[in-house]
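**Q** There's a structure below that I have some questions on.
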Amino acid sequence: MMRTARKTMSFKRASLLAMVAAGIVWAGVFSQGVGARELLGAQTAGVSSPQPYEMVRSLQSLQAQVAHGNSQANAAQRTLLKEMREVFENADPEVWQDARNARASVIYLLSGGHPAVMHKLLGYDPLPHVPAGLMHGALAYIEGRAGEARKHLSGFDPLELEAGLGGQVALVRAALFVREDPQEAIRMLDIARLLMPGTLVEEAALRREVFLVGKLGDIEKLQSLSLTYMRRFHGSLYGNDFRRRFAAAIDTLGFGTNDDLFSLLESLLSEFDIDSRRSLYVTLSRHALLNGRLDVVKKATAVARPLAMAGTDDAIRLNLYRAGALLGESEIRDALRLLWSIDRSRLSADDEALMDAIYERVNQIRHWPQAPEGTHPSAQPVTVTAKPAKPSWETPLMKRAQRDIDAASRDVADRSWRN
């Protein structure tokens, strides 16, 4: 059994090694003199465990690949994080007296590591060779104790820490102060980007900062950050989150409320490739529709629809969002035409619910007291006719059919009672 377990562990590590060889982990990791077996945590007989700081370097390299769209690296980092927990929890306490390893414990935690590791390290005497405030602050942040995290981390200047640790601390401090002091949060995000360019930390900082500067009305910086993100992290696995935040920032700034601002938006998005422009307009259209900004929806979909190939998911979604914005008396025909063109099976669950809501709203629209000539029948006023005094309109065939229906209903009822 032990032999089988070792073979299984060896196979898993061999798989990771194959991914490394395929280029998932940057070659820069190996320039540090770290062997492949050490990076992957090989613990077979006669091979020493890797140092924690070495494993953190590998983790950061994998996460950088995630920021550039590598889905295999995303799977590999989850495997590595599990293995790091095992290595860290079983490491000799003396290992943490090396400052590089002690810093690595904080980086590991802020990079998706398990808090149980930090709880264990905080029980050592002596503590790991890193300021205790950093350890307590990082743990408090991960466990959702924001007030305690602010108290511990406010005294640390990220610029005075080692870059890999400083970038993580800056990102955390930005999250902790975003509501109370958004300008300070922006400053921290700028520092995080400065300290860790090309990494998942920079990618995350850009995503968060785009929304913040939009909320504060800084159009020039919004443009700069958006272009930076799309040029550096166009394929990021977190790209959908960026587009959502970008759409929220655009909506907050009121880009659809007047022609000048919308022209500025078009100028900004013209710097992006066609796929990015279309995707951003789709996200903006949905966000604006859910917030009742129908003029924004009309303008965004008018620009984006020519960018979407007919029959594609984006084209279908744009038709749906545009239909939701066409509620004027002269627009009902167009709204219905767009709705009827949509294949519900191609929609997400959220968009399918949105389609139902749009149909419900459209079906409630009526002209009164008289609809203009040419109005679609669904928008005609409802006419309620009185019940005829004598149902002479019933034909013998209709009466016979009704008797058969009544008899079948009684039979079903009897069967149900007996069962």
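Here, each number is a calculation from the coordinates, and none is a lab measurement. These numbers come from a predicted model, not from an experiment. Neighbour counts run over all protein chains shown; Cβ positions are idealised from the backbone, glycine included.
**Q** Beyond 15 Å, what share of the Cα-Cα pairs of the range 123-162 remains, rounded to the nearest whole percent? It would help to have the intermediate numbers written out before the result.
**A** Details: 328 of 780 pairs.
Every Cα pair in the range 123-162 considered, those over 15 Å come to 42 percent.
**Q** Report the dimensions of the range 100-144 along its three principal axes from the alpha-carbon atoms, largest first, rounded to Å.
**A** 26, 19, 16
**Q** To continue, here is another question. Of all the Cα-Cα pairs you can form in the range 259-304, what percent are over 18 Å apart?
**A** Values: 220 of 1035 pairs.
Beyond 18 Å sits 21 percent of the P(r) for the range 259-304.
**Q** Could you state the orientation-averaged shadow area of the convex hull built on the Cα atoms of the range 164-204, in nm² to one decimal? The partial results should precede the final answer.
**A** Details: hull surface 9.2 nm².
Its average projected convex-hull area is 2.3 nm².
**Q** Beyond 27 Å, what share of the Cα-Cα pairs of the range 102-257 is found? Please give it as a whole percent.
**A** Values: 3187 of 12090 pairs.
Tail of P(r) above 27 Å: 26 percent of Cα pairs.
**Q** Over the Cα atoms of the range 261-358, what is the Rg over Rh ratio if Rh follows Kirkwood? Don't skip to the end; give the middle numbers.
**A** Working: Rg = 12.9 Å, Rh = 13.5 Å.
Expressed as Rg/Rh, it is 0.95.
**Q** Order these peptides, 332-345, 170-183, by their mean beta-carbon neighbour count within 10 angstrom, highest first. Before the final figure, lay out the partial values.
**A** Details: 332-345: 14.9, 170-183: 18.6.
In descending order of packing, they fall as 170-183, 332-345.
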